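Contents: one structure, followed by commentary.
The values are calculated or read from the model by the stated rules, or taken from the named source; none is laboratory data. Predicted model, so just to flag it, every value in this text is computed and none were measured. Cβ sites come from the backbone with ideal geometry, for glycine too, and all protein chains shown count toward neighbours.
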Amino acid sequence: VYVGKERRRFIIPATYFNHSLFRTLLEKAEEEYGFGHQMGLTLPCDEVVFEYLTSTFGKEDCAVPANSKLDEIIDLKKAMGSAY
């Protein structure tokens with residue numbers, strides 16, 4: 001996938017597609033770019049936020065509950081110094 005303004009490439013495991021927050025990112029990508037987008041799968045998300053989110057996937061003591069709202073997490077990361 002490609003992430004952020006610089007379109008940084010991340011190679012991710014297929015299991016990420018099963019995570020609710022990742023599916024929310026996919027929905028945001030559809031809203032932002034539609035289905036006719038020429039590049040590979042591009043996510044409208046800051047790289048730091050993406051790295052933070054994906055670092056929590058699959059952890060039992062996950063710092064981000066699966067039912068969290070993506071916008072709330074982005075706001076939290078902004079408050080911690082990351083720009084979306």
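Some observations on this one:
- Flag for V48 being in contact (Cβ under 8 Å) with a residue 24 or more places away in the chain and in contact with a Ser or Thr (Cβ under 6 Å, 6 or more places away or on another chain): yes
- Selection from the stretch 10-43 of residues that are at pLDDT 85 or above, among the hydrophobic types (A, V, I, L, M, F, W, C) and part of a loop (DSSP other than H, G, I, E, B): F10, I11, I12, L41
- Pair list, Cβ under 6 Å, 6 or more apart: the stretch 2-18 residue farther than 16 Å from A29 by Cβ, other residue assigned to a helix (DSSP H, G or I): none
- For D46: the one exception among (1) touching a helix residue (DSSP H, G or I) at 6+ places or on another chain (Cβ under 9 Å); (2) surrounded by 15 or more Cβ atoms within 10 Å (Cβ to Cβ); (3) at pLDDT below 85: (3)
- Any hit, the stretch 69-79, residues being at pLDDT 90 or above and in a loop (DSSP other than H, G, I, E, B): no
- Close pairs from the stretch 51-63: first closer than 15 Å to R23 by Cα and of a type in the set (A, V, I, L, M, F, W, C), partner in a loop (DSSP other than H, G, I, E, B) and at pLDDT below 70, Cβ under 9 Å, at least 6 apart: L53/V64; F57/V64
- Whichever residue in the stretch 2-40 is hydrophobic (A, V, I, L, M, F, W, C) and over 14 Å from L53 (Cα atoms) and, among such residues, is surrounded by the most Cβ atoms within 10 Å (Cβ to Cβ): A29
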